[in-house]
1. As a test question: what accessible area, to the nearest 10 Å², does Phe252 have when a 1.4 Å probe is rolled over all protein chains in place?
2. Among the GluC sites (Glu not before Pro) within region 435-496, which fall in a DSSP loop and have no more than 11 other Cβ atoms within 10 Å of their own Cβ?
3. Enumerate the amide H contacts of Gly211 below 5 Å, restricted to partners 5 or more residues apart or on another chain; note that Pro and chain-start residues carry no placed amide H.
4. Would you kindly state how much longer the chain becomes between Asp535 and Glu28 on full extension, computed as 0.36 nm times their sequence separation minus their alpha carbon distance, in nm to one decimal?
5. Would you mind computing, in nm to one decimal, how far apart the modelled labels at Ala160 and Ser242 are, each placed 7 Å from Cα along Cα→Cβ?
6. Grab the beta carbon distance between Lys77 and Arg302, set R0 = 30 Å, and tell me the FRET efficiency rounded to 0.05.
7. Based on Cα positions only, what radius of gyration and what Dmax would you give for region 44-136, in angstroms?
8. Can you give me the distance in nm between label points at Ala148 and Trp183, each placed 7 Å from the Cα along the Cα-to-Cβ direction?
Amino acid sequence: MKKKAWGLSKTIGSFFTKQHKLMEDFPERYSYNPTQRWNAELESYFSNAYGPQNFSRISKALTRPSCYSCIRVNTLKTTPDAVIDKLTAVLKENRADISKCDVAGLDNVVFVRGSGPHAINYGYAADGKPPKEVLVSRKCAEAVLRGAQVYVPGVLACSAHVEKGELVAVSVSVEQPGVDGGWGVGITRGTVLQGSQTDPYHLERSGLYIGQGRAMMSRSGMFRVTEGLAVDMSDRVFHLPSFRDVLEGQIFLQNLPSIVAARALDPQKGERILDMCAAPGGKTTAIAILMKDEGEIVAVDRSHNKVQGIHKLAAEMGLSCITPYKLDALKAVCVRSESEDLSDPSCAKDNHGGHIQDSNFMKSEVEKTESITFERLNAEKDFKKAVSNEKENESSYISKADIRKEMRRKRNGPGRNQCLGGKVEKSKGFAPSSFDRVLLDAPCSALGLRPRLFTGEETIESLRKHAIYQRRMFDQAVQLVRPGGVIVYSTCTINPGENEALVRYALDTYKFLSLAPQHPRIGGPGLVGRFEFPDGYAEEWLRPGEEELVQRFDPSSPLDTIGFFIAKFVVGSNEADLQNSSS
């Protein structure tokens, strides 16, 4: 397996080296060379954990997207070879380099190569005048670096006299330290940008140019409307193909470590599995496909809209074994009083109790989707007509509040909670030892996501709060898995306090838990040791021999993934410990 992982690293590494272009021949201002800013105490902590040089490489890698897109194929509907043929035709103009993953266990993964960073000539050298610019928010820029376009809500400022059709340079506004010790953008939406050094935001944009595009509306239009395409990106620092509306239901764009996490769970046909923090449903659907859609997957999230999103994704992929619930993962274990109805399906006593979703449920949901979409399209056509005829037909009065509500709905779309119709089903929790396997992809500080242009607001205190929250969730997971079952814990952060320290807590608190080997294994080893903070708090990580049983994905490694962590536990039997933890 290590040989396979090395081969995969070499393949992905070649993606980067083939297309990599330096920008050192261009002025530093009109380049993409961001600096990651960290809280001083946090930087010291990470430097100690990784070593100063390695942490510096990690910080730089976080500011850039991966050099490839990773696609998971829905093998219940198609094959990787068929997807490659279709993508080759769809992305023909981009001359995309597409290949299959050759690691055993990841044979349903397809890579599409991107490129960058590229040198872009913004036209400033031709006549000595600075280019016209559009300044976008950090979150908008992070999306653009992944292949998106610039939409109106992401535009913060613009040069004067920009007209529709003109070429503009796109730059980023990243949070800056404020006088009160906090962080902020410090720029008012609609500000007029100047190219000269007298511009108060001149220095902030230096080294933060992400590409060039054509304005799809004038400057006044960008700040007059609330939606629409503002800039069509024609030349980007990083080229990554867009897969929007491409092969829906057949493919899913997903980070490689997330795919590995679902594989590490090793789900089997007929099992009952819990995905504790399931939204947006990528890992949930990956598990369902590995189970051949046979069994039951309970997917929970505390957000109504996100649960509807899981419904929609499952229907799109043709999966019927997924039962989404609205439920706070901190309340996943059912606490039932004697007066409660014992027939409640979400809190049944038997090990395989719970609401079993009807196999035809998702099919009916798809039919509902089509029906509701048709009705809403007709309603939208008739809406303006109804308003304009209001005076002529006094009996069909429409209030101003209704008009505003309808206009918001038209502007923002129907929302996922309207996509499938019907209510989101709520759960009161589940009986202890009622699942064969549990996946806890815990909410975290997300310090491994790429590209990430700002991390300054995170502190030691905020990271400790994340760790406490994750431990409470893990306590719930332990109670829900039957003896002999499996728990997979994962995060998308580089913080050892949320990764290795959680493993130490789990193994020290629950003696019946043990780390298990993971397949496939393409990530690196975990961190061994401990760290003592200035306030005296000591954080314990892994012990020698445990590091090879977890997978840590370094964003600066040749695999070029996001920062990620996976630990797999096998659950033994110890009722006394479980009773103590529940109390």
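1. Its accessible surface works out to 40 Å², give or take rounding.
2. Sites meeting the loop and neighbour criteria: Glu457.
3. Correct list: Val170, Val237.
4. Taking 0.36 nm per residue and subtracting the Cα distance, the gain is 178.4 nm.
5. For Ala160 paired with Ser242, the spin-label model returns 3.2 nm.
6. 0.50
7. Computed over the Cα atoms of region 44-136, radius of gyration and Dmax are 20.0, 58 Å.
8. Result for the modelled spin labels: 1.8 nm.
The values are calculated or read from the model by the stated rules, or taken from the named source; none is laboratory data. Treat the numbers as computed from the prediction; the structure is a model and nothing was measured. Cβ: placed from backbone, ideal geometry, glycine included. Neighbour counts: every protein chain shown. Ligands, DNA and RNA are stripped out before the accessible areas are found, and what is left, the full protein with its side chains, is counted by its heavy atoms. Shrake-Rupley method; radii C 1.70, N 1.55, O 1.52, S 1.80 Å.
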